[in-house]
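For reference, the structure is listed below as structure tokens.
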Amino acid sequence: MSTLGIIGSSAMDPLQGFEQSRASNETTPYGEPSSRLLHGQISGQQIIFLARHGEEKSIAPHLINSRANLWAFQHAGVERILAVNAVGGISQRCVSGSLVIPDDLIDYTHGREQTFFDGTAKDLRHMEFAAPYDEEMRQQLCAAAAAEEIVFVPGGTHGIVQGPRLETAAEIKRLARDGCEIVGMTGMPEAALAREMGLAYACCGVVVNQAAGIGSGSIYMEIDATKAEGMAKFNQLLQRFLVG
Ligand code: HPA
């Protein structure tokens, strides 16, 4: 397997079993990536890890430099990217603590640098994006989750909102009417930029809360109570995904 790039979410601590060999500070034509690239392996598979919100988890979703992140990965030889996203669950099947491997997305973000085709580096091409996630990787992730008997959802639409505030109840109702099953703030433009770079890209959503207006009580408290469980499941999934 070629080196796998993993983009870690806000809810993520270091990857379980990660044996780090070195860390590199990259500079790119688009500025600084969110964090150093951590090079190493898990179960003998080469991994490069990047913390999407920075090592201090301080970069807000709309300020993430996804172009620099993707550029740094590609120039480090990564061909496949597994994006981990903490998300809110909208549909009944996306309960807190579960994993979702979405098969589609709707982009509600605005004002983010969303393309490499900005007239500087590349000749314009309109990338196909009907299926935003790499289907082979998705199938491998689903197979790994099934083999580990992890509660997971093998599809669904990922709604990506601007943040950093959470949604109103009416906004979540609208996302539900649009067909979104999970909601997050960081899945775009990352997925589109990966497509522009020709990188295989799939997402593992970790449901850390019920979306606004669905649960009762504080979303923050729910996230605190749930994220460790969700991330433990993600680590279990990853180990199986890597050994195939
Ligand atoms: N909404 C948007 N982004 C999120 C949520 C949410 O409920 N939970 C985690 N990321």
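Need one number: the % of Cα-Cα pairs in region 1-142 sitting beyond the 22 Å mark. The partial results should precede the final answer.
On the way: 4496 of 10011 pairs.
Beyond 22 Å sits 45 percent of the P(r) for region 1-142.
What part of the accessible area of the chain, given as a whole %, is carbon or sulfur when the probe is 1.4 angstrom?
48
Ranked highest first by the average count of other Cβ atoms within 10 Å around their residues, in what order do 21-30, 154-163, 182-191 fall?
Working: 21-30: 12.8, 154-163: 21.1, 182-191: 26.5.
Going from most to least packed, we get 182-191, 154-163, 21-30.
For n ≥ 4 DSSP H runs only, could you compute -39500 (n - 2.57) per run for the chain, divide by its residues and tell me the 222 nm figure to the nearest 500?
Numbers: 5 runs with 65 residues, N = 244.
Calculated at 222 nm, the ellipticity per residue is -8500 deg cm²/dmol.
Please work out the FRET efficiency for the pair ALA23 and ARG93, using the Cβ-Cβ distance as r and a Förster radius of 35 Å; give the result to the nearest 0.05.
Numbers: r = 38 Å, r/R0 = 1.10.
Plugging the Cβ-Cβ distance into 1/(1 + (r/R0)^6) gives 0.35.
In the chain, if the dipole is taken from +1 on Lys/Arg beta carbons and -1 on Asp/Glu beta carbons about the Cα centre, which of LEU199, ASN85, PHE73 is farthest to the positive end?
ASN85
Could you size up the charge dipole of the chain around its Cα centre, putting +1 on the beta carbon of Lys and Arg and -1 on that of Asp and Glu, and report it in debye to the nearest 20?
On the way: 19 positive and 28 negative charges, 33 e Å.
It works out to roughly 160 debye.
What accessible area per residue comes out for region 1-99, rounded to a whole number of Å², with a 1.4 Å probe?
Numbers: 4150 Å² over 99 residues.
For region 1-99, the per-residue accessible area is 42 Å².
Can you work out the base-10 log of I(q)/I(0) for the chain at q = 0.08, 0.13, 0.17 1/Å, using the Debye formula on its C-alpha atoms alone?
Rounded to two decimals, the profile gives -0.27, -0.74, -1.33.
With springs only between Cα atoms under 10 Å apart, run a GNM on the chain and tell me which of SER43, SER66, SER35 wobbles the most.
With Cα springs under 10 Å in the chain, the top fluctuation among SER43, SER66, SER35 is at SER43.
The values are calculated or read from the model by the stated rules, or taken from the named source; none is laboratory data. Predicted, not measured: the structure shown is a model, and the values here were computed from it. Cβ sites come from the backbone with ideal geometry, for glycine too, and all protein chains shown count toward neighbours. For the accessible areas, the whole protein counts, side chains as well, though only heavy atoms, and no ligand, DNA or RNA atoms are used. Shrake-Rupley method; radii C 1.70, N 1.55, O 1.52, S 1.80 Å.
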